[in-house]
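Data first, discussion second: the structure below is written as structure tokens.
The values are calculated or read from the model by the stated rules, or taken from the named source; none is laboratory data. The structure displayed is predicted, hence computed values, not measured ones. Cβ sites come from the backbone with ideal geometry, for glycine too, and all protein chains shown count toward neighbours. These accessible areas exclude ligands, DNA and RNA; they are computed on the full protein's heavy atoms, side chains included. Shrake-Rupley method; radii C 1.70, N 1.55, O 1.52, S 1.80 Å.
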Amino acid sequence: MAIQSNFHKDLSKFEPTYKWGLTKAQIFMILKMIPGFILIVCEVFLLTGILFWIVAILTAALTITPPVLVGIGKWQTFKNDMDFHLKHQERYYQTERIRRYTPDEFIKQKEIKETKRSRSKKA
């Protein structure tokens with residue numbers, strides 16, 4: 001990471017803007033969202049009632065959400081989270097020895113003895 005100050009800004013993360021003050025990633029995001037919007041507009045005229053809402057929400061989730069997540073830079077974390085939560089994962093915890101606990105270990109003791117530390121003398 002570069003040294004930053006008020007006079008020398010870190011320009012490694014700066015994206016140049018193009019038309020209408022949009023960056024390249026934002027322009028591609030908008031272009032990839034257009035087919036989803038066209039499908040939803042067609043659904044407005046072809047479907048009615050609750051069927052429209054179900055199909056429109058599914059269309060938006062499948063065609064508009066991914067470009068938005070790519071455009072804001074959250075797609076990879078979203079993809080990793082979905083992989084983590086949807087995959088069946090078996091985890092085992094194994095120790096060398098099985099220890100049996102006695103019932104008195106779970107009773108809170110009235111006196112807690114702490115070890116005394118020797119204090120270092122201040123100079």
message = Conditions first: (1) loosely packed, with under 10 Cβ neighbours inside 10 Å; (2) modelled with pLDDT under 90. V70 passes all but one, so which condition is the exception?
response = (1)
request  = Go over the candidates I40, I57, I50, I107 one by one and state the one that is modelled with pLDDT under 90 and out of contact with any strand residue (DSSP E or B) (no Cβ under 7 Å at 6 or more places or on another chain).
outcome  = I107
task = Count, please, the residues in region 52-61 that happen to be open to solvent by 40 Å² or more (accessible area, probe 1.4 Å) and more than 18 Å from the chain's Cα centre (by Cα).
result = 5
